[in-house]
Amino acid sequence: MNTDNDYGKYFIVDGKHVGDYEGMYRDCQDPWNIEELGFRLDMKAALLLVDLLPFKALSVLDAGAGAGLLSLELVNLLAKTRPGSTFTLSDISLAALDRAKNRIAGSYPNFSGPNGETISFIPFDLRKVDAPECPWPDDSFDLIFLGQVLWGLVENVDGLFPGLKRKIKKGGHLIMSQHFPEPQNQTYAKDLDCRLVAKLAGLAGFNLMRTLETDRMTNHHWAALWSCD
């Protein structure tokens, strides 16, 4: 696989083009059709899992935030239930983060929520979460939120969870939402499914608390909540 991490480069798995994320966000307002089709079941499930988190202000990293559609829902939810929370939105695509900024600014001018929430935007390639240039020190967040990021991380999925665990405070949590196509419709990373993800997270020291999942047409929709002791 091509591991050139510059913005706008192509990512290739088994000779197949997976995504030029910067190019996609520059060329298309909604490259994943989220706004057109609405939240998938796994995204809704991930937001439901937030209700199981402690009722206190949280420091949150939304890693792979994209254009911020799900991020805004997360901010709105935590602003109501955990006022004073802080949010960092991060994505490999600068164009995506610009759209996220505009989206958030529509509801939270100057990136500040009504209850003291602060919101920042930092470009970052999540595949480098173990690298020295990672912008966050260890034990930085109460919650890391991952929405639909795994297909862009298949070349480093083994190292993803150990890196994330170091960034989460003791007693913090990880929430992930992901859809997994049926094997006959999956053209790359055929062994990547919710069972493998749960195994890798467990090996990294995460404790699985709850999953919400359902099948719809040709996709398996899955969301999971882990604790980090």
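Read-outs: derived from the displayed coordinates by stated rules, not from any lab. A quick note: this is a predicted structure, and the numbers were derived from the prediction, not measured. FYI the Cβ positions are ideal-geometry reconstructions off the backbone, even for glycines, and counts take in every protein chain you see.
Things worth noting here:
- Among residues other than His173 with Cβ under 15 Å from its Cβ, the summed charge is +3 (Lys and Arg +1, Asp and Glu -1).
- Straight-line cross-link reach from Lys44 at under 18 Å between alpha-carbon atoms covers these lysines, not counting any fewer than eight positions away in the same chain: Lys80.
- Looking at the range 104-159, the GluC sites (Glu not before Pro) that sit in a DSSP loop and have at most 13 other Cβ atoms within 10 Å of their own Cβ are Glu133.
- For the range 37-228, share of DSSP beta bridges that run antiparallel, in % to the nearest 5: 50 percent
- For the range 109-187 and the range 77-97, distance of Cα centres in Å: 12 Å
- For Ser227, net neighbour charge (Lys/Arg +1, Asp/Glu -1) across residues whose Cβ lies under 12 Å away: +2
- Simple point charges give the picture: +1 on the Cβ of Lys and Arg, -1 on the Cβ of Asp and Glu, and for the range 37-228 a dipole about the Cα centre of about 380 debye.
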